[in-house]
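Below you'll find the structure, written out as C-alpha cells, and then a few comments.
The values are calculated or read from the model by the stated rules, or taken from the named source; none is laboratory data. As the structure is a computational prediction, the values presented were derived from the model and not from experiment. Cβ sites come from the backbone with ideal geometry, for glycine too, and all protein chains shown count toward neighbours.
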Amino acid sequence: MNTLFDPITAGRLQLSSRLVMAPMTRNRATADGLATDLTATYYAQRASAGLIITESTQPSVIGQGYIFTPGMHSAAQIEAWRKVVDAVHAKGGRIVAQLTHCGRIGHPSLYPDGALPVAPSAVASGEHMITLDGPLEHPTPREMTSDDIRATVSDFVTAARNAIEAGFDGVEIHGANGFLLHQFLADNTNLRTDEYGGSITNRVRFPIEVVTAVTAAIGPDRVGVRISPASTYNNMVEADPVPVYTALLKELAALDIAYVHLVELGDRDLTKSLREVWPGILILNPHATVEAFPATADAASEALKAGVADAVALAALWLANPDLPTRIQAGGPYNTPDQATFYGGDHHGYTDYPTLTNNPIS
C-alpha cells in the first residue's frame, strides 16, 4: 500500500512524495502580471511538497480573469518566474506552472484594449469580478471564432515554452473550475453548432487540441491536465459527466501525458468510474463526500489506501502550513488558514505562517 511519503514518477517528474500542493490563486502578482520576491519566498517555503502546482497563470492577456494574477506571456514574466523556480529548486522541490485561460470569467477592465472576454459561446457567467473598487459583473463574452481558437492554442504553446524557459519542471493545463477549457466541455457554456460543439467528440476537441499542441512543444512527459467533473463552480452545468470525461481521458491517454489532476467534489463513485478508464498517474484533490471540505491529511491517506489515486493534492493545509509534511508526520498540530488574507495583500497570511521548528506550540 502506498503512503503519502512514498516517491512516485509522473512522466519526467521524479517526486519525492505523493503529497502535492494544489494550485491556489493568491492575487499577489504585480499589475503587469509579475511574480514577486514574496512569491518566491512563499513557494520556497513549501518546497517539501512532492510537487508544487502554481496558482493559475494566464497564457495571454485575454486569458486573465482576476486582478493581480501572474502571466506567462512576456519576457518580464518569464524572468520573474525564474526567480521563483530557482528558489524552489534550491530547496530541492519540484514545481509546475498551471496555465489557465479564464474564458468568460473575465472583464474588459483587465485588458488594455477594453475587449470583451472570449468563450465558446456568448453566455454570461452570472458572476462578478472582485476589484479594489468593488465587484464588476462579468459581461456576456464574445463567441470565439475559428481564428480565435487557433490563436488560443498557440498562446498555450507559447506559455508552455515560456514556462520551460523559466525553469519549471512542467506545466499543468487547467481544464477545470469553469474556465475556458471546461467551458467547451460543459452543457450550458458550449452552444456551438460547428466542429467544437454539440457531440461529445466535438466538445472535447478544443481541450485535446490544446494539450496535443503543448505536448508536441515541450514533451508529453512534463504535461499534466486538471479536470473537475460535475463541478458547478462559476455556474457550470454538466448533467452527465461520465461519458464526456471518459472520452476526454481516453484522448489524453493516447497522448501519454504525465498525469491527470482530478478535483473530486463529493462523488467518490464518479472518481472510481473515471479512475477505471485512466491508465496513467492520477493526482486527486480528495473530497469523497460533500461534507469533506477542505481536504484533510487523513482524507489524502485514505484515497491512496483505497487505490483511487496515485498522489493527492491538498490546498488549504498547504496555505497555512509551509512545513506540512513535517506536521503530518508529527500528527499535527496544524495552523488555521486566515480566510481574510487568502486573496491579495502583503506577507500577512502569505509567508508569515509559523513552522513547528520556529513555533512548536502553534
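List of remarks:
- As for region 283-293, it holds at least one residue that is among the acidic types (Asp, Glu) and either buried (at least 22 other Cβ atoms within 10 Å of the Cβ) or in a loop (DSSP other than H, G, I, E, B) (or both).
- At least 2 residues being out of contact with any Asp or Glu (no Cβ under 8 Å at 6 or more places or on another chain) and either exposed (fewer than 15 other Cβ atoms within 10 Å of the Cβ) or on the phi > 0 side of the Ramachandran plot (or both) is the threshold, and among the helices (runs of 4 or more DSSP H) wholly inside region 127-227 those reaching it are 146-165.
- As a summary of the residue check, Glu55 satisfies the conditions (1) assigned to a strand (DSSP E or B); (2) without any contact (Cβ under 8 Å) to a residue 24 or more places away in the chain except for the one numbered (2).
- Residue match in region 87-99 (condition: assigned to a loop (DSSP other than H, G, I, E, B), without any contact (Cβ under 8 Å) to a residue 60 or more places away in the chain and either surrounded by fewer than 24 Cβ atoms within 10 Å (Cβ to Cβ) or small (Gly, Ala, Ser) (or both)): yes
- Filtering Thr296, Thr271 for residues that are modelled with pLDDT of 95 or more, closer than 27 Å to Thr41 by Cα and of a type in the set (S, T, N, Q) leaves a single hit, Thr296.
- Scanning region 252-270 for residues that are charged (D, E, K, R) and surrounded by fewer than 16 Cβ atoms within 10 Å (Cβ to Cβ) returns Asp256, Asp269.
- Looking at Val84, Val118, Val88, just one residue is at pLDDT 95 or above and over 22 Å from Val61 (Cβ atoms), and that residue is Val88.
- One residue from Gln64, Gln58 being in contact with a Gly (Cβ under 6 Å, 6 or more places away or on another chain) and buried (at least 24 other Cβ atoms within 10 Å of the Cβ): Gln58
- Residue in region 294-308 that is surrounded by the fewest Cβ atoms within 10 Å (Cβ to Cβ), counting only those that are more than 17 Å from Trp318 (Cβ to Cβ) and of a type in the set (D, E, K, R): Lys305
- Phe5 falls short of the stated requirement of being buried (at least 16 other Cβ atoms within 10 Å of the Cβ) and either farther than 16 Å from His261 by Cα or modelled with pLDDT of 95 or more (or both).
- One residue stands out among those in region 228-250 that are touching a residue at least 40 places away in the same chain (Cβ under 8 Å) and surrounded by fewer than 16 Cβ atoms within 10 Å (Cβ to Cβ): the one that is nearest to Ser273 (Cα to Cα), which is Pro243.
- Checked against the criterion of being surrounded by 21 or more Cβ atoms within 10 Å (Cβ to Cβ), over 17 Å from the mean Cα position of the chain (by Cα) and touching a residue at least 40 places away in the same chain (Cβ under 8 Å), the candidates Gln77, Gln14 yield just one match: Gln77.
- Output for region 33-62, where each listed residue is under 23 Å from Leu136 (Cβ atoms) and out of contact with any helix residue (DSSP H, G or I) (no Cβ under 7 Å at 6 or more places or on another chain): Glu55, Ser56, Thr57, Gln58, Val61, Ile62
- Tabulated pairs, region 154-173, first under 10 Å from Trp81 (Cα atoms), second among the acidic types (Asp, Glu) and surrounded by fewer than 20 Cβ atoms within 10 Å (Cβ to Cβ), C-beta under 9 angstrom, 6+ apart or interchain: Ala166/Glu79; Gly167/Asp86
- Candidates Asp338, Asp310 - the one that is over 28 Å from Asp256 (Cβ atoms), among the acidic types (Asp, Glu) and either modelled with pLDDT of 95 or more or touching a helix residue (DSSP H, G or I) at 6+ places or on another chain (Cβ under 8 Å) (or both): Asp338
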